[in-house]
Every structure is written in C-alpha cells, then in structure tokens.
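Asks: I'd like to ask you about the structure that follows.
The values are calculated or read from the model by the stated rules, or taken from the named source; none is laboratory data. All figures in this text were calculated on a predicted structure; none of them were measured in a lab. So basically every Cβ, Gly included, is an ideal-geometry build from the backbone, and we count neighbours across all protein chains shown.
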Amino acid sequence: MPGTFFGLEIGSRGLAAAQVGQNVTGHNIANADTPGYSVQTANMQTTDPYSPPPVSGSAHVGMIGTGVTAQSITRAADEFLNVQIRDNTSQQTMQQSTYDTLHQVEGAFGEPSDTGIDHAMNQFFQSFTNLESNPEDTGVRATILQKASAMSQVIQQTQQSLTVISDQLVSKATAGLSALNSYGSQIADLNVTIRSTTAQHLDANDLLDQRDILIDKVSKLANISISNRTDGTVNLTIGSSSLVNGTDFYPVTMTGTDGLTARGDLTGGDLAGIEKSQALVTGYQANLDRVAGTMINAINTIHRGGSGLDGSTNIAFFTGTDASTIAVNTQLTASPLRLAAAAKPAPPATKPAPGDSQNATLLAGVQKQGLIAGDTVSDFFQQRIADLGARTDAAKTSAASSSSSLSQLSQQKASITGVSTDGEMINMMKYQRGYQAAAKVVKTMDDMIGTLINDLFSGR
C-alpha cells in the first residue's frame, strides 16, 4: 500500500500545479496589451499512477492516482496564418509604398491646374499667335518672354521636386536595408538562445514571440520565406538570398552582382516598393526631359532662322538642354527687339520688312507638330499625366484592398493568440479554487496523520 504521506504528496502536487497555472494566468494578464505577445497555457497532466502490490488474502485494488503536474507551458500559434499574414504584409507595404510615391509625383506635377506645365505651355504658344498679329509690338514681345520664363520655371521646379522625391527614396532604401540587416542579426542571436533553451527541454515562449516580432518586421521590408528547423531555430530567405540560416546571419545588399536587385529577389515589402517607385520616378523625369529638350530644339531651330526687329539672327530662344536647365536666353530678355518674329531679310536689306511675322507663325506652329513619336509636345505630356493618374488610382485601390485583407487576417490571428482578460479572470478563479482545494487536501491529510501519531503515542 502507499505510504502514510502518500496523500500529502498528492495535495502538494495539486498546490504546485495550481501555482503554475496561476503564474501563467498572471503573465497573460500582465501582457494583455503587449504587441506580439501570444497567450500561454499551462498544460496539466496526471502523474504516473501507483500500482500497489496485492496483499495476501485480499483482492488487487488496481492503480492509484498520484496527482497532477504542470507538464508544459505552450503559447497559442498558427504557423499557416503567420505565413499568410507575412505574405500579405509584404504585398501591402510594397503597394502602399508605390502609391505614396505616385501620390507625391502627382503633387509635383500638379495637373491639371492653372499653375501646371500644360497650362504654361499653352500660354507660351498662345503668345506667339498674338505676335503674328503684332510683330512689332514691344508689349507682346515682353509677354512672350514672360510666358516663356514662367514655363521654364515651372518645368525646372517640377523636375527639382521629382529629384527630391528620388533622393528621399534613396535615403529610405538605405535606412530600410540597414533595418533589414539589423533584424536579421537579432533573429540569428535569438536562434542561439532558443536552441540552447530547447535543448534543455525548457519552454522558450517569450523568446519565440520576440523572434516572431522581428520576422514580422522583416516581412514589412521584403518578401520572405521561413523554414523551421528541428533544433528550434529558423532559416529566413529573401528570394534566393539567405538572410538567416540557423544561428548564422548573412548581411544583404541592394546593389552589386549579389545584391537583391541584381538577383531579382525583391518581389514584396517596402524595399520592393521603393525599387519600383525609383524606376517610375526616373521614367517621369526622363519624359519631362524629353518634353523640355524637344521644345528647346524645335523652338531654337526656328528662332535661329528668323530675324529680330534690329536685324539680329542666329540667336537661340532657350538655353539649356533638358528640364533641369531650360531657361530663356538672356540676350532676349536684355533686348526683346532680338526676338525673331520675322524671316531673315534678303540682302542687301539688314532688317526685316515692317509687319513681317513669318517666323512668329512658324514658332506658333510648333505646338501642333508631331515631334515626339508622332505626338505633339502637349499631347505627349498630357498622355504621361493621364498615365500617372491611372497608375496612382490603381496603386491606391491595390493598397486599400491588400490593407483590408491584412486587417482581416490580423483580426483572425488576434482571436487565436490574443489575451482575453475575461477568460484569464475565469482561469484565475479556477486556479485559486484549485489551490484552496489542494490546500484542504493537505490539511485533511495532516489531520489524519496527526490523529495516527497521537493515537500511537497515547498508548491506545
């Protein structure tokens, strides 16, 4: 038969188990609002039963229970859901990053408006139409130069704004890459601790939460794949590039032959959005350069072939070669008479005939010439603005849609891993009652043993 203190041991185990459960409950309540915390559960299991040997002349009583033990403490987790959330996070941050940049680009162009490039170009060409009717009017000439200067300034300012956006993207990419490598290093360090803890058959729940938080942060920056190893560590890759392999960390770069860009590894995350955005901004800058450069060449070619009121010829209307450098020639602003509205005078004449506006007509006609792939400068620019608007709308829709999907998945995860304070209060009362009951068992057994001892020493 079990020993005299058998019942005390059962009660003691009940006390210990209830204490563990209460500790876990307290830990859950304390971390109810901690980001990334996964609710933990104390898993109770009966201890091995005792099979007393049969007593001579009596029936075998069978196995007797020996109490309970807190076998393990596990955290709530759904790896399949985690994969879905991280994949959706990578797509959402990429789409949001792309939309944010396109929205900034839209703001830089500010179209359509009375202060945008398209309006400035129309005003500029319209002023040449007025010059056709009044080629010798100095006020009209001054207006042309003023409109040309205004157009040049808005083109330059727009290109400068695009350059600022591009520079911001470069800085953001640098900061993002630095954060990515920092997270990777921390994950590798946690893998070391988790492996050691797991090898000692201990629960590493809080460490696993910390690692998941870091992995989630990485998923915001890039598309990732996670594989779990039997020693409790994880491998983390971005496309074909390894960031973490067990306890080893491998820093990644964006550029170079082994960079994420060259290897084509970035398909999601903020870094992918930045990479895509940089290409888009560069494209819009190139298109604006094409608009400005085409206009500079076309206007200058015609203007050089005409004559000013003072007989001056072969003077460029614009200086510069692209959107960053376009400007009105200071020779014209210093003397508007040099604006070549007339055709070159035939020798021996040195000045154009009165009322000659042949060159002004040619200059005004540039607006209707198919100079860029068969399109007029204005049409080409308007098509690029329409493309920008369509891309921005599409990016906004995609970002909103992925954000909604991610929100639903996050809520689903919260219902599994989040702490319910109401549920924990119930658990707290349950373990409290269990502890009180176990204490009662101990007290009862103690009284029984006391009775036995008193009877033995009282001589009865």
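Asks: When you go through Gly283, Gly259, Gly308 one by one, which is the residue that is crowded, with 18+ Cβ neighbours inside 10 Å and either in the same structural domain as Thr392 (by TED's automatic domain parsing) or over 30 Å from Thr158 (Cβ atoms) (or both)? It would help to see each step written out before you state the result.
Replies: Numbers: Gly283 fails: crowded, with 18+ Cβ neighbours inside 10 Å; Gly259 fails: crowded, with 18+ Cβ neighbours inside 10 Å.
Of the residues listed, the single one that is crowded, with 18+ Cβ neighbours inside 10 Å and either in the same structural domain as Thr392 (by TED's automatic domain parsing) or over 30 Å from Thr158 (Cβ atoms) (or both) is Gly308.
Asks: Only one residue in Asp265, Asp270, Asp248, Asp258 is in contact with a strand residue (DSSP E or B) (Cβ under 7 Å, 6 or more places away or on another chain) and among the acidic types (Asp, Glu), so which one is that?
Replies: On the way: Asp270 fails: in contact with a strand residue (DSSP E or B) (Cβ under 7 Å, 6 or more places away or on another chain); Asp248 fails: in contact with a strand residue (DSSP E or B) (Cβ under 7 Å, 6 or more places away or on another chain); Asp258 fails: in contact with a strand residue (DSSP E or B) (Cβ under 7 Å, 6 or more places away or on another chain).
None of the others qualify; the one that does is Asp265.
Asks: Can we say Thr69 is crowded, with 18+ Cβ neighbours inside 10 Å and more than 25 Å from Asn235 (Cβ to Cβ)? Talk me through it step by step, then tell me what you get.
Replies: On the way: crowded, with 18+ Cβ neighbours inside 10 Å: no; more than 25 Å from Asn235 (Cβ to Cβ): yes.
Spelling it out, it is not the case that Thr69 is crowded, with 18+ Cβ neighbours inside 10 Å and more than 25 Å from Asn235 (Cβ to Cβ).
Asks: A further question on this structure: Any idea how many residues of region 109-152 are in a helix (DSSP H, G or I), touching a strand residue (DSSP E or B) at 6+ places or on another chain (Cβ under 9 Å) and either under 20 Å from Pro354 (Cβ atoms) or charged (D, E, K, R) (or both)?
Replies: So the count comes out to 0.
Asks: Select from region 153-176 the residues that are closer than 21 Å to Val328 by Cα and out of contact with any strand residue (DSSP E or B) (no Cβ under 9 Å at 6 or more places or on another chain) and list them in ascending order. Please lay out each step first, then the result.
Replies: Applying the first criterion (closer than 21 Å to Val328 by Cα) to region 153-176 yields 153-161.
Hits for region 153-176 are Val154, Ile155, Gln157, Thr158, Gln159, Gln160, Ser161.
Asks: Please determine whether any residue of region 141-153 is surrounded by fewer than 22 Cβ atoms within 10 Å (Cβ to Cβ) and within 29 Å of the chain's Cα centre (by Cα). Break it down stepwise before answering.
Replies: Pass one, region 141-153, residues surrounded by fewer than 22 Cβ atoms within 10 Å (Cβ to Cβ): 142-143, 145-147, 149-150, 153.
Cutting the leftovers down to within 29 Å of the chain's Cα centre (by Cα) gives us none.
Within region 141-153 (the criterion being surrounded by fewer than 22 Cβ atoms within 10 Å (Cβ to Cβ) and within 29 Å of the chain's Cα centre (by Cα)), the answer is no, since none of the residues qualifies.
Asks: Could you look through region 7-46, keep only residues that are without any contact (Cβ under 8 Å) to a residue 24 or more places away in the chain and more than 35 Å from the chain's Cα centre (by Cα), and pick out the one that is nearest to Val419 (Cα to Cα)?
Replies: Asn23
Asks: Across region 316-354, what is the number of residues that are in a loop (DSSP other than H, G, I, E, B), in contact with a helix residue (DSSP H, G or I) (Cβ under 8 Å, 6 or more places away or on another chain) and more than 24 Å from Ser152 (Cβ to Cβ)?
Replies: Summing the residues that are in a loop (DSSP other than H, G, I, E, B), in contact with a helix residue (DSSP H, G or I) (Cβ under 8 Å, 6 or more places away or on another chain) and more than 24 Å from Ser152 (Cβ to Cβ) in region 316-354 gives 0.
Asks: Is at least one residue of region 223-232 aliphatic (A, V, I, L, M) and part of a helix (DSSP H, G or I)?
Replies: The first filter runs over region 223-232 and keeps only residues aliphatic (A, V, I, L, M), leaving 224, 226.
Narrowing the set further to residues that are part of a helix (DSSP H, G or I) leaves none.
No, every residue in region 223-232 fails to be aliphatic (A, V, I, L, M) and part of a helix (DSSP H, G or I).
Asks: Quick one: is Ala179 touching a Gly at 6+ places or on another chain (Cβ under 8 Å), assigned by TED's automatic domain parsing to the domain that holds Asn287 and of a type in the set (A, V, I, L, M, F, W, C)? Walk me through how you get there before you give the answer.
Replies: Values: touching a Gly at 6+ places or on another chain (Cβ under 8 Å): no; assigned by TED's automatic domain parsing to the domain that holds Asn287: yes; of a type in the set (A, V, I, L, M, F, W, C): yes.
Criteria not met by Ala179.
Asks: Name, by its number, the condition in (1) more than 21 Å from the chain's Cα centre (by Cα); (2) aliphatic (A, V, I, L, M); (3) in a helix (DSSP H, G or I) that does not hold for Leu180.
Replies: For Leu180, the failing item is (1).
Asks: Continuing with this model, one more query. Any idea which residue in region 208-234 is farthest from Met94 (Cα to Cα), counting only those that are of a type outside the set (Val, Ile, Thr), without any contact (Cβ under 8 Å) to a residue 60 or more places away in the chain and crowded, with 17+ Cβ neighbours inside 10 Å?
Replies: Gly232
Asks: Going by the conditions given, is Asp375 under 25 Å from Leu81 (Cβ atoms) and without any contact (Cβ under 8 Å) to a residue 40 or more places away in the chain? I'd like the intermediate steps shown before the answer.
Replies: Details: under 25 Å from Leu81 (Cβ atoms): no; without any contact (Cβ under 8 Å) to a residue 40 or more places away in the chain: yes.
No, not satisfied.
Asks: Still on this structure: From the list Gly264, Gly311, which residue is closer than 30 Å to Asn134 by Cβ and at pLDDT below 95?
Replies: Numbers: Gly264 fails: closer than 30 Å to Asn134 by Cβ.
Just one listed residue meets the conditions, Gly311.
Asks: Checking the structure you have, find out if any residue of region 315-324 is surrounded by 19 or more Cβ atoms within 10 Å (Cβ to Cβ), closer than 16 Å to Asp118 by Cβ and in the same structural domain as Leu162 (by TED's automatic domain parsing). Walk me through it before giving the result.
Replies: Pass one, region 315-324, residues surrounded by 19 or more Cβ atoms within 10 Å (Cβ to Cβ): 317-318, 323.
Add one more test, that the residue is closer than 16 Å to Asp118 by Cβ, and what stays is 323.
Imposing the further condition that a residue be in the same structural domain as Leu162 (by TED's automatic domain parsing) reduces the set to 323.
Yes, there is a match, as at least one residue in region 315-324 is surrounded by 19 or more Cβ atoms within 10 Å (Cβ to Cβ), closer than 16 Å to Asp118 by Cβ and in the same structural domain as Leu162 (by TED's automatic domain parsing).
Asks: Now for a separate question. From Ala42, Ala30, Ala76, grab the single residue that is out of contact with any Ser or Thr (no Cβ under 9 Å at 6 or more places or on another chain) and modelled with pLDDT of 95 or more. Can you show your working first?
Replies: Values: Ala42 fails: out of contact with any Ser or Thr (no Cβ under 9 Å at 6 or more places or on another chain); Ala76 fails: out of contact with any Ser or Thr (no Cβ under 9 Å at 6 or more places or on another chain).
So the residue among Ala42, Ala30, Ala76 that is out of contact with any Ser or Thr (no Cβ under 9 Å at 6 or more places or on another chain) and modelled with pLDDT of 95 or more is Ala30.
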